Each structure stands twice: as structure tokens, then as C-alpha cells.
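Data first, discussion second: the structure below is written as C-alpha cells.
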Amino acid sequence: MSKPDLADTSATELLALYRSKQASPVEATQAALARIDQRNAKLNAFCLVDHEHALKSARESEARWQRGAPIGALDGVPTSIKDLILTKGWPTLRGSKTVDAKQAWDVDAPATARLREANAVLLGKTCTPEFGCKGETNSLLTGISRNPWNLNHTPGGSSGGSAAAVAAGMGALSVGTDGAGSVRIPAAFCGNFGLKPSFGRVPAYPLSPFGSVAHLGPHTMSVADGALMMNVLKQPDARDWTSLPPDSTDYMVGLNDGIRGLRIAYSPTLGYAKNVHPEVAKAVDNAVRQLEALGAHVEHVDPGIEDSLDISTGLWFVGAWSVYSALKAEQQAQVDPDFKAEALLGEKISLHDVHQLNLRRGLLGSHMRQFMQRYDLLVTPAVAVPALPANPAGHSPMTPETMLGWTPFSYPFNLTQQPACTIPCGLSSEGLPIGLQIVGRMFDDAMVLRAAKAFESVRPIPRPKLDW
């Protein structure tokens, strides 16, 4: 039997190969680095790659496996980190020319620290728009990142580098952030599994300047890899005072229990999304029929909410203004025009307006908690459209509609803080991935993973051909 291409091998499969001595962490890391060297010039998924560090970590991991004594759940698995997340020894430039790369970089964020403790092989940092400010990945610092399914299209954002890297086989795992869809949008556009956990489940430090809408979560090419990664990322960290209490759940346990008998609400528009692409609507409808075939009780029902676009963008713009206004004049002159436009919109929002937005957010969260008492899960499209064209920063005027109007299914669940994932459910006529979103009750991340795994069992996640 021929040896699998280790660059296209999932983390759980790599660990099994290490255990059986059919492959080694050094071989897997070399395969991932080779794929980066071959493809990143066109894809622009990575803004930093550290071959020396990665291979050193891989050799140390290989020695542990050879002794039959691996340490940590991810020992030897090639992994990347979004460039919003602090990583000791590497600059975290946040996609911005305003950040000094020469300063001391001597702190790991909680997610990075947990990955190191699990002995993941850290390859480098993935591209983000400036300060994670939008649902596409381009910046004045790193240029335009592209979609591995079609280089003319965006990988989405703001975790577009992570999604593109994982889909293209540039490391089995990546960690991203999600403030209005920034894990789920690129996962949908790039055809991988992306999870936004319940807020606080994955600790963060420093906390996002955009507030309590910001979550951290995994990008993977299998649901099992996402569960495995969550077991690592959810470990507590005292630096995050908003984080949830320690969670003893093993997300790998019960992952294959299926969805027979579960109550699922299916809302194709959430009651307000008027411009869902017909191919997205059809693919998601077919996916829901598959959920029914797996034994779930599906009810077509809207949750009874209004579009919260103005709440999401209003709070986001205020966060952008808080960052922008703290910059020196010469730094402000260097920022992405989209980020500047967001900040100037935020400048116009008063304290009274912010208070009212937060009150409305509270009502939305309360409504959704009550709605979810009747259902185990809610399913919707992940994004209303397939991947948009890849364009440079500042290509369109910045408004709430141009920023997020095309992703009406993502931002409500940042406001409510519920767990939500996206998993591929088809391709458009142009061959671009389409995503199904699965939303869970607050704190029931395990159920979201379980439902995604059930769907994946009959609709495995495909990889792009990379014929460019």
C-alpha cells in the first residue's frame, strides 16, 4: 500500500501513523513545509514560516515517539497560528504596519501556550487583515491572500490565512479568531471545518479590543481534529478573567454517537436574510435532508429575531475607534483604508448609543437562549454566498452592508456567544465550497461537534486539487 501524502493527512491520522511507526513527525513537518514552499507564494496564507524551529520541534517529537513516550495530545502535529495571537519568539504584527516587529516578543497567548504544552509543531503565523477588521484577508502589510480552490477568490477573513493553509495541506491544524464570523466565514469559503466555541471556552490574552464578541477556535480538515484541538485549547488560563470554569469534557468521547432523535431547528434565512445565493440555499437544503436521513427531527422554523447587523457593526466600529485613536498620527497614516473607515464610523457612535446596542444585544441573547430550550441545534447556511473575489484593501466603500451584509448568519452568534461551526456541504457551479452552519445551545460545544461529525460521516470533507 502506498504511503499517504502526509501534507494531506489529518492530525488524528498522523498520530496513528506515528504510533504505528509508519510515519514520523519529521516526515510530516517536512511535507507541510514543502507544501508551504511550493504554494505559499501564490496563496499568501503564511506571513511567517520558521523552518528551523519547526524541524527542531519535529526532531524532538520524533525522539519521544521512538521511545514510545509522546507527551501531549498533539505531539508532532504541524500547526499554525493566526497572526493576531501572541507567540513567543515571533512577531505578532496583526496585519498592521503600525506594529513594531523589533520589540520583545516574549509572551505566548493562552492558545499558543496550550499548543506548545501539547507539543504541536509550530510552523509559523498565518495572514490576517489589519487587526482582524474584515471578512476577507488582505492588508497593506501582507497583500492579498487567496483561496486554494480558486486563486481569483478570497479565502474569507479574518482567519483567511489559517483556513487557506489548512485546506491546502500547509499543516494539519491552525487556530483562528472569530469576532463576527472570522473562523466560520473562511472555513466556509475554503471548505474546511471551523468552530467558534462558546465564549470563554478557549481563554484569550490579551482580550480583544473588540470586546466579548471575540472567540478563538480551530481550523481543521476533519471534525475529529477539531475535537482533538478543542481538548487542548480549552484548558484554563488565569490571565483571562472572562474565561469559563475548567471543563472536564473530553470532546472525543461521544463524538460518534450520531444525531438520531435530536431536535433540530432549520432556518434558511433566520427570518431576515433576503439575498441568499440560490446555490447556497440548495446545497444547505440538501444537507438538512441528510440530517433528517441520519435520524434527526428537523423543524423548519425561524428563531424570531431581527437582523442584528447594526448591533454587531456598531460595537465593532467602536472597538476599531478605540484602537485607531490610540495610534500616533504617523501610525494612523499607515493603516488599512478599511480599518480607518471603520474607526471613523465608530467615532460617531456615542456612549448612549453603545449602551443601547448592548441592551439590545442582551435581549437577543436572552431570546436565543429561550428559543434553544426547544431544540438541541439550529442549522443555517454558514455564509449567504460562495467565496467573493479576491481584491486589495480599500476596494469598496466601508459600510455595515459591505462589511458583513453578505454573511448574515455569522455575526448574530457572536453577539449571543453560542457555539457554532461550519462544515462543507457542497460546491457551487464554479467549484467553490459552500458551508452548513450548526449552532448549539450555550456551553454545549460537544453537541455541535457531534452533529458535525455525523454529517461528515456521510459527507466527507474534500480537499482542493491545487492545480494552479
Out of Asn192, Asn147, Asn231, I need the residue that is of a type outside the set (Val, Ile, Thr), surrounded by fewer than 24 Cβ atoms within 10 Å (Cβ to Cβ) and touching a residue at least 12 places away in the same chain (Cβ under 8 Å). Which one? Asn231
Scanning the range 254-272 residue by residue, the ones that are acidic (Asp, Glu) and surrounded by 16 or more Cβ atoms within 10 Å (Cβ to Cβ) total 0
Has the range 115-136 got any residue that is within 26 Å of Phe413 (Cα to Cα) and among the aromatic types (Phe, Trp, Tyr)? yes
Sort through Ser80, Ser61 and tell me the only one that's within 25 Å of the chain's Cα centre (by Cα) and surrounded by 23 or more Cβ atoms within 10 Å (Cβ to Cβ). Ser80
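Okay, residues lined up against (1) free of Cβ contacts under 8 Å to residues at least 24 places away in the same chain; (2) of a type outside the set (A, V, I, L, M, F, W, C):
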| residue | (1), (2) |
| --- | --- |
| Ala11 | no, no |
| Ile36 | no, no |
| Asn40 | no, yes |
| Glu52 | yes, yes |
| Ile81 | no, no |
| Leu86 | no, no |
| Pro91 | no, yes |
| Arg94 | no, yes |
Single residue of the range 150-165 satisfying the filter (closer than 17 Å to Val49 by Cα and out of contact with any helix residue (DSSP H, G or I) (no Cβ under 6 Å at 6 or more places or on another chain)) that is surrounded by the fewest Cβ atoms within 10 Å (Cβ to Cβ): Gly161
Selection from the range 100-134 of residues that are within 18 Å of Lys328 (Cα to Cα) and touching a helix residue (DSSP H, G or I) at 6+ places or on another chain (Cβ under 9 Å): Glu130, Phe131
Taking the condition buried (at least 20 other Cβ atoms within 10 Å of the Cβ) and hydroxyl-bearing (Ser, Thr, Tyr), does Ser222 pass? yes
Given (1) hydrophobic (A, V, I, L, M, F, W, C); (2) under 21 Å from Asp307 (Cα atoms); (3) in contact with a Pro (Cβ under 8 Å, 6 or more places away or on another chain); (4) touching a residue at least 60 places away in the same chain (Cβ under 8 Å), number of the condition Val448 does not satisfy: (2)
Restricting to the range 273-287, name every residue that is crowded, with 19+ Cβ neighbours inside 10 Å and within 27 Å of Ala227 (Cβ to Cβ). Val280, Ala283, Val284, Ala287
Of Ser396, Ser429, Ser366, the only residue that is touching a residue at least 12 places away in the same chain (Cβ under 8 Å) and either among the hydroxyl-bearing types (Ser, Thr, Tyr) or touching a helix residue (DSSP H, G or I) at 6+ places or on another chain (Cβ under 6 Å) (or both) is Ser429
From (1) buried (at least 19 other Cβ atoms within 10 Å of the Cβ); (2) of a type in the set (A, V, I, L, M); (3) over 19 Å from Ser410 (Cβ atoms), pick out the condition that doesn't hold for Leu466. (1)
Of all residues in the range 387-414, how many are in a loop (DSSP other than H, G, I, E, B), over 16 Å from the mean Cα position of the chain (by Cα) and among the hydrophobic types (A, V, I, L, M, F, W, C)? 5
Could you please find all residues in the range 288-341 being touching a residue at least 40 places away in the same chain (Cβ under 8 Å), over 26 Å from Phe455 (Cβ atoms) and not in a helix (DSSP H, G or I)? Asp307, Ser308, Leu327, Gln334, Val335, Asp336
Within the range 436-468, considering residues that are of a type outside the set (A, V, I, L, M, F, W, C) and in contact with a Lys or Arg (Cβ under 7 Å, 6 or more places away or on another chain), the one nearest to Asp285 (Cα to Cα): Gln437
Restricted to the range 346-394, and to residues that are buried (at least 20 other Cβ atoms within 10 Å of the Cβ) and of a type outside the set (A, V, I, L, M), which residue is farthest from Leu415 (Cα to Cα)? Pro386
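Read-outs: derived from the displayed coordinates by stated rules, not from any lab. Owing to the predicted nature of the structure, the values given are computational and were not obtained by experimental measurement. Please note: Cβ atoms are built from the backbone with ideal geometry, for glycine as well, and neighbour counts cover all protein chains shown.
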